[in-house]
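A.B. asks: Just passing along the structure, written as structure tokens.
Each reported figure results from applying straightforward, stated rules to the coordinates on display, with no laboratory input. The structure displayed is predicted, hence computed values, not measured ones. In this analysis, Cβ positions are derived from the backbone assuming ideal geometry, glycine residues included, and neighbour counts consider all displayed protein chains.
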Amino acid sequence: MSIRVYGTLLLGILLSFSAFGQSDIKVSGNYQNKSLVEIFEDLEKRYDVSFNYANDLVASHKVTVRLRNEPIGTAIDKILATVPFRFMISSQTNILIIPDPKKNLAPPPPTRTTVSGRVTDAETGEPLPFATVGIVKTSRGTASNSEGFFALPDLEDDSLEIVISYLGYKPIQMLASEFHKLEGSTIHLQPAATLLDDVTIEDQYQSAIQLMAQPGVARLDAQKINTFPNLGQPDVFQAIQLIPGISATSGG
């Protein structure tokens, strides 16, 4: 691994570019919107080269470039064509990346990204329609369709936190950059058990009627007569007839 430092080097220790151009190292690679750090590290792994640079200067710059069996000098020229840097060499394989004040390039535009996927039940695999998908600490969001699919386009930063929730399920919160790691872009929500308070059911009619020892005789609690069903003003005889299990007969 190369040391990520850069400083002033004496020109006397640098070799000429022509000597570097005659190197037999040829490189290939297809880099789509990759940072300079990622490209340099990939080339170091695959070829006998070492890059030295100030990490805080180059880390924010991304490029898209395709290299097809290019001489190393030509390849680096292509890599640095759209960024404000140039390269120098201190040995046949040691490459120094430094700022180039002659390149008056505009700062790279912010990277936009899209988050998309499908929300399903983790146990059954069934889609969860109209699940809520939102950006944490903002009012921006969307909902999954009837098949559980959703999309949040044009996000300005892949470090945004996204929360996916559905009634009766445990919500999931993750970074926008983590969505591409999901298998099949599927978010599996686990059902959440909901504990309810205890409910006590009391038979008000039974508490208002006290059976006596003598068969067929019962005592009514006058204070609870209003708990009996009625069709208007409280009527003891009518209320008793409406209680399940009690029937009335008319005398002749």
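A.B. asks: Taking every Cα atom in the range 113-189, find the radius of gyration and the maximum pairwise distance Dmax, and write them in Å.
C.D. replies: In order Rg, Dmax, the Cα atoms of the range 113-189 give 11.3, 34 Å.
A.B. asks: So, one more: Please sort by residue number the GluC sites (Glu not before Pro) in the range 100-202 whose DSSP state is loop and whose Cβ has at most 16 other Cβ atoms within 10 Å.
C.D. replies: Passing both the DSSP loop test and the Cβ count: E123, E147, E156, E202.
A.B. asks: Just rank L167, L80, L196, fewest to most, by other beta-carbon atoms within 10 angstrom.
C.D. replies: Going from least to most buried by this count: L196, L167, L80.
A.B. asks: With 10 angstrom as the radius, rank L96, L182 by how many other C-beta atoms surround their C-beta, starting from the fewest.
C.D. replies: By the 10 Å Cβ count, ascending: L182, L96.
A.B. asks: Express in nm, to one decimal, how much length is gained between K103 and S185 on full extension, taking 0.36 nm for each residue of separation and deducting their alpha carbon distance.
C.D. replies: On the way: separation 82, 0.36 × 82 = 29.52 nm, distance 4.07 nm.
Separation in residues times 0.36 nm, less the Cα-Cα distance, equals 25.4 nm.
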